[in-house]
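Let me begin by presenting the structure, written as structure tokens, before commenting on it.
The values are calculated or read from the model by the stated rules, or taken from the named source; none is laboratory data. All values reported here derive from a predicted model rather than from experimental measurement. For neighbour counting, all protein chains shown are included, and Cβ atoms are generated from backbone atoms with ideal geometry for every residue, glycine included.
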Amino acid sequence: MTLRFNLSKQAILCTALFALQPVWSADTEQPIEISADAAIREEPSGKTTYSGDVVLTQGGLRINADSLIFDIDSSGASVITATGTPATLTQQATDKSASVDASASNIEYQESAERIRLTGNAKILQAGAVIEGNTIDYEVGTQRVMAAGSLEDDTSQRVKVTLPPSTLRDDQ
């Protein structure tokens with residue numbers, strides 16, 4: 001009986017993490033539009049810094065931030081870093097998934113690694129489920145979500161997962 005109970009708890013946690021898997025890659029074929037109060041382009045490096053009420057949209061994806069840096073890594077792939085108090089990311093629902101709302105002090109997308117990293121009071125909400133931590137990584141290709149707390153100034157932040165009652169039912 002104890003083994004079954006422990007396995008059920010693990011299944012619930014896995015369900016929560018799967019429920020939070022966003023559909024980041026759905027809009028990659030759409031154009032990126034960025035609006036901001038100011039933009040600085042550095043031609044030699046290919047880096048552009050946007051500041052002041054920055055809004056990035058790509059299909060159903062929307063990022064709001066105080067500043068956003070659009071850079072190219074050594075392999076020629078995009079690296080987008082949004083910073084805010086907090087920076088927010090919204091991915092509109094597709095046919096099969098619920099909308100995703102995320103927030104953190106920093107949101108970074110690395111195209112070559114197909115990874116989104118939320119750092120600093122990171123939070124993802126989807127279909128009533130919530131995952132919070134200091135850092136949340138989402139690997140797009142493997143659909144893997146990893147969350148971590150932190151130890152800062154003798155205070156710890158632990159990972160917190162909140163599940164709606166519907167995910168706790170046996171038929172889900």
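Of all positions in segment 100-120, at least one carries a residue that is farther than 30 Å from Arg41 by Cβ and at pLDDT 90 or above. Note on segment 34-92: enclosed strands (runs of 3 or more DSSP E) holding 2 or more residues that are at positive phi, over 16 Å from the mean Cα position of the chain (by Cα) and in contact (Cβ under 8 Å) with a residue 12 or more places away in the chain are 47-58. Checked across segment 101-116, the condition of being over 22 Å from Pro31 (Cα atoms) and touching a residue at least 24 places away in the same chain (Cβ under 8 Å) holds for at least one residue.
Only one entry in Ile131, Ile107 is closer than 20 Å to Ile32 by Cβ, buried (at least 16 other Cβ atoms within 10 Å of the Cβ) and aliphatic (A, V, I, L, M), namely Ile107.
Of the set (1) of a type in the set (Val, Ile, Thr); (2) buried (at least 17 other Cβ atoms within 10 Å of the Cβ); (3) closer than 20 Å to Val100 by Cα, all apply to Ile32 but (2). Residues in segment 28-71 that are small (Gly, Ala, Ser), closer than 26 Å to Gly141 by Cβ and modelled with pLDDT of 95 or more: Ala65 alone.
Condition first: at positive phi and in contact (Cβ under 8 Å) with a residue 40 or more places away in the chain. Now tell me which residues in segment 117-127 satisfy that. The answer is Ala127, and nothing else.
Selection within segment 110-125: residues that are in a strand (DSSP E or B) and surrounded by fewer than 21 Cβ atoms within 10 Å (Cβ to Cβ). The member of this set that is nearest to the chain's Cα centre (by Cα) is Arg117.
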